Amino acid sequence: MSIPTRIIVLLAAAVGALAVTVTSLVRMLTPGTDALPSSLIGNLGHGVELALSLTGALAALLVSVSALATRDLANRAVPRWLLRTVGLVAAGILAVTMPGGVIAAAGYTFAMMVIVGVLVLIVLTVLRRPLLGLLLAAGVVGALAYAAIGLGAGPLVPQILGSYGMILPQAGLALAHVAAAAGLLIWMIADPSSRRSRFAREVLRHRRAITIVAAACALPYAFARASWLTPWPLFGGSAEMFAADPSVRALGLALGAAMLTGGVLTLGLILPWGERFPRFLAGLSGRSVPPGLAIVPASVVSVLFTAAGIQFALEGVGTVENSVYVLLMFPFWLWGPFLGLATWAYAMQRATPAAAKRSNSPAAQVAA
């Protein structure tokens, strides 16, 4: 990943950490006016939660500023391993002190981003391969028409946008937590010194298996949502619910399609089109994919999914059977960490010189 991209990432981390610092101080000084929901560790007490949030934000601010203060983005006055350790701990604290209730909003946002991405993909394909692009466009238009007419999904978009307005302060603070945590994670992934450990060599050696496991985590949720098209819907669906509000089925199918698309995009971390754009895309045909284009969003999603996995594991959903069912249906506890490792392996692979990539030794790749 280029130095300008790393500078932008560190600036985003610093801005996010500063926003969390200021917000935590304001919430401490005005305890009676704090209406934000608690975080994953809210059961430890409101004061403890805010103290941890402030500590993590200050640590993240210190690490990001220290990294920005030197030309090579690594403070030579402080050992790199110490900066990375503090950064990793700070990112973890910021993740677990994120205001609750943001996972659903993140899922809806991701689904809408996928829809926009598909539309952009179709436009670029039409410009390069008109026949293929028109076939894709016809399929998407048909699916949207069926959702709007057959499933009553027309009012969904304004409803979702209206709900965002209601949770805007909470979502803004959650975004600051994510920006700071993901920014530190991306900086650590891009740091050349992080590729020299034995653990890094093992991650690079097993990058294909790690990435496949991460991508496969999308299958249970996608399968459950796809079952809503059958008379035997799984995971919260019922014929009575769909009859009363058909748009619920459309929303569930959209979320399932978004998760499945995320799984396919995860495979791009090990497939050729993750390094070079497909030839049917106008203006991008055969060009090298900027590493940051994959590393940045994958790191952000890994932070969100890891936080969601911790939330499900700590809070549960009633009985032991229901909790196990949810953990299997939403394997964020596995998806988030494995996506982070797969992203790290992708960054190491892209940073390895071409001569070393032809070597059969992962150790030689990391050393290079």
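The values are calculated or read from the model by the stated rules, or taken from the named source; none is laboratory data. As the structure is a computational prediction, the values presented were derived from the model and not from experiment. Here the Cβ positions follow ideal geometry from the backbone for every residue, glycine too, while neighbour counts run over all protein chains shown. These accessible areas exclude ligands, DNA and RNA; they are computed on the full protein's heavy atoms, side chains included. Shrake-Rupley method; radii C 1.70, N 1.55, O 1.52, S 1.80 Å.
Contact map, segment 228-242: first residue over 13 Å from M329 (Cβ atoms), second residue at pLDDT 75 or above and among the charged types (D, E, K, R), Cβ cut-off under 6 Å, separation 6 or more or different chains; pairs are W228/R249; F242/R249. The residues listed here are A214, A190, A294; of these, the one that is in contact with a Lys or Arg (Cβ under 6 Å, 6 or more places away or on another chain), closer than 30 Å to L82 by Cα, crowded, with 19+ Cβ neighbours inside 10 Å and not polar (S, T, N, Q) is A190. A search for C-beta distances below 8 Å between a residue of segment 1-22 that is under 18 Å from L88 (Cα atoms) and any residue that is crowded, with 22+ Cβ neighbours inside 10 Å and among the aromatic types (F, W, Y), counting only pairs 6+ apart in sequence or on different chains, returns R6/W187; V9/W187; L10/W187; A13/W187. For segment 31-63, the set of residues classified as of a type in the set (S, T, Y) and within 19 Å of G172 (Cα to Cα) consists of T33, S38, S39, S53, listed by residue number.
Candidates A153, A60, A74, A91: the one that is over 23 Å from the mean Cα position of the chain (by Cα), open to solvent by less than 60 Å² (accessible area, probe 1.4 Å) and either more than 30 Å from A190 (Cβ to Cβ) or modelled with pLDDT of 65 or more (or both) is A153.
Of all positions in segment 219-228, none carries a residue that is surrounded by 16 or more Cβ atoms within 10 Å (Cβ to Cβ) and not in a helix (DSSP H, G or I). Does L204 satisfy being modelled with pLDDT of 85 or more and open to solvent by less than 70 Å² (accessible area, probe 1.4 Å)? So L204 fits the description; yes. In segment 193-211, the residues that are under 19 Å from G263 (Cα atoms) form Cβ pairs under 6 Å with partners that are modelled with pLDDT of 75 or more and assigned to a loop (DSSP other than H, G, I, E, B), at six or more places apart or across chains, as follows: R208/I270; T211/L269; T211/I270.
The criterion of being assigned to a helix (DSSP H, G or I) and open to solvent by less than 30 Å² (accessible area, probe 1.4 Å) holds for L184.
Condition check ((1) loosely packed, with under 13 Cβ neighbours inside 10 Å; (2) of a type in the set (S, T, Y); (3) not in a loop (DSSP other than H, G, I, E, B)) across all residues:
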{"residue": "P231", "(1), (2), (3)": "yes, no, no"}
{"residue": "V248", "(1), (2), (3)": "no, no, yes"}
{"residue": "G252", "(1), (2), (3)": "no, no, yes"}
{"residue": "L255", "(1), (2), (3)": "no, no, yes"}
{"residue": "T261", "(1), (2), (3)": "no, yes, yes"}
{"residue": "L265", "(1), (2), (3)": "no, no, yes"}
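Residues in segment 268-288 include at least one that is at pLDDT 85 or above, surrounded by fewer than 14 Cβ atoms within 10 Å (Cβ to Cβ), of a type in the set (S, T, N, Q) and not in a helix (DSSP H, G or I).
Apart from one condition, L304 fits all of (1) part of a loop (DSSP other than H, G, I, E, B); (2) modelled with pLDDT under 85; the exception is (1). When you check A35 against the structure, is it surrounded by fewer than 16 Cβ atoms within 10 Å (Cβ to Cβ), at pLDDT below 80 and closer than 30 Å to R350 by Cα, yes or no? No, not satisfied.
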